[in-house]
Amino acid sequence: MKIWLLKKTGAFLLFTWAAASLIFLLVYTIPGDPVAAMLGKMPRPEDIRRLQQSMRLDRPLVEQYMHFVQKLLRLDLGESIIDRRPVLATIRRYFPNTIILAAAAMLLALLIAMPLGMLAAMKGRGVCYVVSMVFSTIGLAVPGFLSGILLIILFSLRWHWLPVSGSGEIRFLILPAFTLAISLSAFLMRVIHTVVAGEMNQPYVLLARAKGLSGFHVFSRHVLRNALIPIITIIGLQLGALLSGTIVIENVFSWPGIGTLLITAIRQRDFPLIQGIALFLAVLYLLLNLLIDLTYPIIDPRLRHDHRE
């Protein structure tokens, strides 16, 4: 078990280093000069040279990379070149809003997907199956930004029930959370239906029913336990994707989250802030995957034995 944990931790650190290196290199492919963005139009050459020296942008790329890695080891993401504030402090200020939006969207998606997906699998090709398939097809076919615009037109501009944008109250959260939840619940519903239907056709289910166990007992004690691991894996992966996928929806609804912060940083060529946000999201995604792996032995005790071996 300890060896398995060490392997998982080692893989997490390796992928974190790879993600950090890739993000460092990709940021330098963004067109535009951050110094020119800071100094405005027609800057003086001496001002450009002085600012490049202070930001180490005049050093070779390898030296900049080594300095970047050294700061990462100290959990220092640098300072914004626009407002000179620490990147990590800026992320901390915006990230709670993204967490709130992602958590609300995931909760809504699970409330829709879990009952519909399970009922469609248990009842076979009936009304539940048709309703869930129609909903999932529409939800997956319509892009999130288009769903958001349609919801704004209906609930904000035509019926005046909900605000278009803003934050601070729960009414500002409803439209962006529901927009994210539509496509997410459609995908989760397909996965849940497929996984549960596959387990329902296994021989152990027929054997349990032949022994006289009730359908609810077979489902809750046997089918659900075996189906939980792939379902939780997909939910965890989708939660990580959801945190980074809120970028477009946050901008549609002007939600003050990390996605809006990232778009602003890209427009201003704020390299340290772009690097910090991208790395933060990458580490968060890897951390979620690690936590999901650690939950497997808790859900299924048979895996503890496999890991000991």
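For the reader, a short list of remarks on this structure follows.
- Failed item, numbered, when Ala186 is tested on (1) more than 27 Å from Met118 (Cα to Cα); (2) outside any loop (DSSP other than H, G, I, E, B): (1)
- Criterion violated by Trp161 - all others in (1) at pLDDT below 85; (2) among the hydrophobic types (A, V, I, L, M, F, W, C); (3) open to solvent by 80 Å² or more (accessible area, probe 1.4 Å) satisfied: (1)
- Among the residues of the stretch 212-235, the one identified as under 16 Å from Asn289 (Cα atoms) and hydroxyl-bearing (Ser, Thr, Tyr) is Thr233.
- Selection within the stretch 90-109 - surrounded by fewer than 18 Cβ atoms within 10 Å (Cβ to Cβ) and within 18 Å of Ser147 (Cβ to Cβ): Leu107
- Ala113 vs. criteria within 21 Å of the chain's Cα centre (by Cα) and within 17 Å of Leu224 (Cα to Cα): yes
- The set of residues in the stretch 110-149 being in a helix (DSSP H, G or I), open to solvent by less than 70 Å² (accessible area, probe 1.4 Å) and closer than 17 Å to Ile247 by Cα consists of Gly144, Ser147, Gly148.
- Tabulated pairs, the stretch 232-261, first acidic (Asp, Glu), second modelled with pLDDT of 85 or more and part of a loop (DSSP other than H, G, I, E, B), C-beta under 7 angstrom, 6+ apart or interchain: Glu250/Gly257
- Some residue of the stretch 174-186 being open to solvent by less than 60 Å² (accessible area, probe 1.4 Å) and free of Cβ contacts under 8 Å to residues at least 40 places away in the same chain: no
Okay, residues lined up against (1) open to solvent by 10 Å² or more (accessible area, probe 1.4 Å); (2) at pLDDT below 80; (3) farther than 17 Å from Leu184 by Cβ:
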residue: Val223; (1), (2), (3): no, no, yes
residue: Ile235; (1), (2), (3): yes, no, no
residue: Ser244; (1), (2), (3): yes, yes, no
residue: Glu250; (1), (2), (3): no, no, no
residue: Pro256; (1), (2), (3): yes, no, yes
residue: Gly259; (1), (2), (3): no, no, no
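- Any chance Val87 is surrounded by 14 or more Cβ atoms within 10 Å (Cβ to Cβ), within 16 Å of Leu279 (Cα to Cα), at pLDDT below 85 and hydrophobic (A, V, I, L, M, F, W, C): no
- In the stretch 117-134, the residues that are touching a residue at least 60 places away in the same chain (Cβ under 8 Å) and under 21 Å from Ile235 (Cα atoms) form Cβ pairs under 8 Å with partners that are in a helix (DSSP H, G or I) and of a type in the set (Phe, Trp, Tyr), at six or more places apart or across chains, as follows: Ala120/Tyr129; Met122/Phe219.
- For beta carbons closer than 9 Å, sequence separation of 6+ or different chains, a first residue in the stretch 275-296 that is free of Cβ contacts under 8 Å to residues at least 40 places away in the same chain and a second that is surrounded by 18 or more Cβ atoms within 10 Å (Cβ to Cβ) and hydroxyl-bearing (Ser, Thr, Tyr), the qualifying pairs are Leu281/Ser244.
- The stretch 64-83, subset open to solvent by less than 60 Å² (accessible area, probe 1.4 Å) and among the aliphatic types (A, V, I, L, M), residue farthest from Leu25 (Cα to Cα): Ile81
The values are calculated or read from the model by the stated rules, or taken from the named source; none is laboratory data. Predicted model only: the values in this text are computed from it and were never measured. A quick note on method: Cβ atoms are made from the backbone with ideal geometry, for glycine too, and the neighbour counts reach across all protein chains shown. These accessible areas exclude ligands, DNA and RNA; they are computed on the full protein's heavy atoms, side chains included. Shrake-Rupley method; radii C 1.70, N 1.55, O 1.52, S 1.80 Å.
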